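Structure record follows, encoded as structure tokens.
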Amino acid sequence: MSDATQPEPDRIDGAPHPRETVKLYGQDAAQADFLQAFSSDRLHHGWLITGPRGVGKATLAWQIARFLLATPIAQDDGLFGAPPPPTDLHIASDHPVARRILAGSEPGLFALRRPYDDKAKRLKAQITVDEVRKLKGFFALSSADGGRRVVIVDAADDMNVSAANAILKLLEEPPDRTTLLLVSHQPSRLLPTIRSRCRELRLAPLNAADMAQALAATEIDQTVSDPAALAALSGGSVGEAVRLMQQDGLKLYADLVKLLSTLPNLSRPHAIALAESAAGRGKEERLDLLLGLFDRALTRLARTGATGQPPSPEAAPDEAETFQRLCPSPTAARQWAQLAQDQGERLRHGRAVNVEAGSLLLASFLALQEGCPRS
């Protein structure tokens, strides 16, 4: 069991850890696919759980692990037959397996994650082969009872080449009654041989209703939050929505839309104030958030002209009116899309070479005035 004082790479600040999350919202299709495979006696040994960040992939992995370890291996006694198939993944919180998983003491479960570097006092950047080698001891110690064993890899994207090859070997020659659950945000970056040996469970972005329920379950104060706007700006990701809430992202996006509303004659005082709000030491998180929101604003702006429809739902006051005025046609949409691409590359390069944040942002804001399509 890991030191509870160390940071966990699979925990979102301000939200419960996936092992503590009781209910998964908006992913009924993925859960049904797994249960169908389980009930039809075609349980694959390797599962690749994919989708955008923050939509519940790790939560589903922990739910599947809890379900598999708490559900007895079916036995047909010849008289009454096998028990009826389960209809959901729910395991009562007072079940011994659920209690052990919550305490980090379940012998049938191994969570393979980025390790903590005691010398550097931070999490390592990758899952190394040394972490995978610990599975040898896990399989030896957990095989005595003859039950199931589950390995959660979160995230599989973090594995270095040696670790990935070691996991591939396990997928090729899995130990008996072992299920590997690989969480991946970008499955295209994994080894093709890993992908081909896993069955995929694809999770979708959450809609506004599911987002509201999922956020309520985090017990985060959201009295001023708009679930529809959060769902739109977060791409349906609960993790990203939590970040937006913690950093007042909805207000920041509203300020950005207000700046765009001054085009084609950009308000320089507003642009300077917004750029300076994310500049300076200690404001790195706000800078990252503003850069992300800037990209989303331009994307939503271009989509307005391309589709002929206003952004829905609105994520800020007057967003629809502003975007329809600035991008009234597919031609304007192409110009905005090109401007978004150019500025995105410029901002990424500026960050990479440590250009001062305020100057970098202000230059991009001013570029909007130069590139703004004229009707």
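The values are calculated or read from the model by the stated rules, or taken from the named source; none is laboratory data. Quick caveat, the model's predicted, so the values are computed rather than measured. FYI the Cβ positions are ideal-geometry reconstructions off the backbone, even for glycines, and counts take in every protein chain you see. Heavy atoms of the whole protein, side chains included, go into the accessibility calculation; ligands, DNA and RNA do not. Shrake-Rupley method; radii C 1.70, N 1.55, O 1.52, S 1.80 Å.
Conditions (1) closer than 16 Å to Arg286 by Cβ; (2) acidic (Asp, Glu); (3) modelled with pLDDT under 85; (4) in contact with a strand residue (DSSP E or B) (Cβ under 9 Å, 6 or more places away or on another chain), marked per residue:
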{"position": "Leu206", "(1), (2), (3), (4)": "no, no, no, no"}
{"position": "Asp226", "(1), (2), (3), (4)": "no, yes, yes, no"}
{"position": "Leu244", "(1), (2), (3), (4)": "yes, no, no, no"}
{"position": "Lys251", "(1), (2), (3), (4)": "yes, no, no, no"}
Can you tell me how many residues within the stretch 257-284 are part of a helix (DSSP H, G or I) and either open to solvent by 30 Å² or more (accessible area, probe 1.4 Å) or free of Cβ contacts under 8 Å to residues at least 12 places away in the same chain (or both)?
8
Cβ pairs under 6 Å, 6+ apart, first in the stretch 285-310 and of a type in the set (Asp, Glu), second open to solvent by 10 Å² or more (accessible area, probe 1.4 Å)
Asp295/Gly344
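With the stretch 308-375 as the region, which helices (runs of 4 or more DSSP H) entirely inside it contain at least 3 residues that are under 16 Å from Ser261 (Cα atoms)?
Output list reads 319-326, 357-371.
I'm checking my understanding of the structure. Among residues of the stretch 10-21 that are touching a residue at least 40 places away in the same chain (Cβ under 8 Å), open to solvent by 40 Å² or more (accessible area, probe 1.4 Å) and within 18 Å of Ala111 (Cβ to Cβ), which one is nearest to the chain's Cα centre (by Cα)?
In the first step, residues of the stretch 10-21 are kept if they are touching a residue at least 40 places away in the same chain (Cβ under 8 Å); the result is 10, 12-16, 18-21.
If we keep only those that are open to solvent by 40 Å² or more (accessible area, probe 1.4 Å) as well, we get 12-14, 16, 19-20.
Narrowing the set further to residues that are within 18 Å of Ala111 (Cβ to Cβ) leaves 12, 16, 19-20.
Working: Ile12: 10, Pro16: 14, Arg19: 15, Glu20: 17 Å.
Applying the filter and picking the extreme gives Ile12.
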What about Glu319, is it modelled with pLDDT of 95 or more and surrounded by 13 or more Cβ atoms within 10 Å (Cβ to Cβ)?
yes
Are any of the residues in the stretch 352-368 more than 29 Å from the chain's Cα centre (by Cα), under 17 Å from Gly292 (Cβ atoms), at pLDDT 90 or above and not hydroxyl-bearing (Ser, Thr, Tyr)?
yes
Please go through (1) over 21 Å from Ser234 (Cβ atoms); (2) polar (S, T, N, Q); (3) at pLDDT below 95 for Gln63 and return the number of the only condition it doesn't satisfy.
(3)
Six or more apart or on different chains, Cβ atoms under 8 Å: show the pairs whose first residue is in the stretch 331-347 and among the aliphatic types (A, V, I, L, M) and whose second is open to solvent by 80 Å² or more (accessible area, probe 1.4 Å).
Ala332/Ser375; Ala333/Arg303
What pairs can you find where one residue is in the stretch 119-135 and without any contact (Cβ under 8 Å) to a residue 12 or more places away in the chain, the other is open to solvent by less than 100 Å² (accessible area, probe 1.4 Å) and not in a loop (DSSP other than H, G, I, E, B), and their Cβ atoms are less than 6 Å apart, with a gap of 6+ or different chains?
Lys124/Asp117
Subset of the stretch 33-61 [part of a helix (DSSP H, G or I), over 16 Å from Thr71 (Cβ atoms) and open to solvent by 10 Å² or more (accessible area, probe 1.4 Å)]:
Asp33, Ala58, Thr59
Quick one: is Ile101 of a type outside the set (Gly, Ala, Ser), under 24 Å from the mean Cα position of the chain (by Cα) and not in a strand (DSSP E or B)?
yes
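Only one residue in Gly147, Gly108, Gly104 is on the phi > 0 side of the Ramachandran plot, small (Gly, Ala, Ser) and touching a residue at least 40 places away in the same chain (Cβ under 8 Å). Which one?
Values: Gly147 fails: on the phi > 0 side of the Ramachandran plot; Gly108 fails: on the phi > 0 side of the Ramachandran plot.
Result: Gly104 is the single residue among Gly147, Gly108, Gly104 that is on the phi > 0 side of the Ramachandran plot, small (Gly, Ala, Ser) and touching a residue at least 40 places away in the same chain (Cβ under 8 Å).
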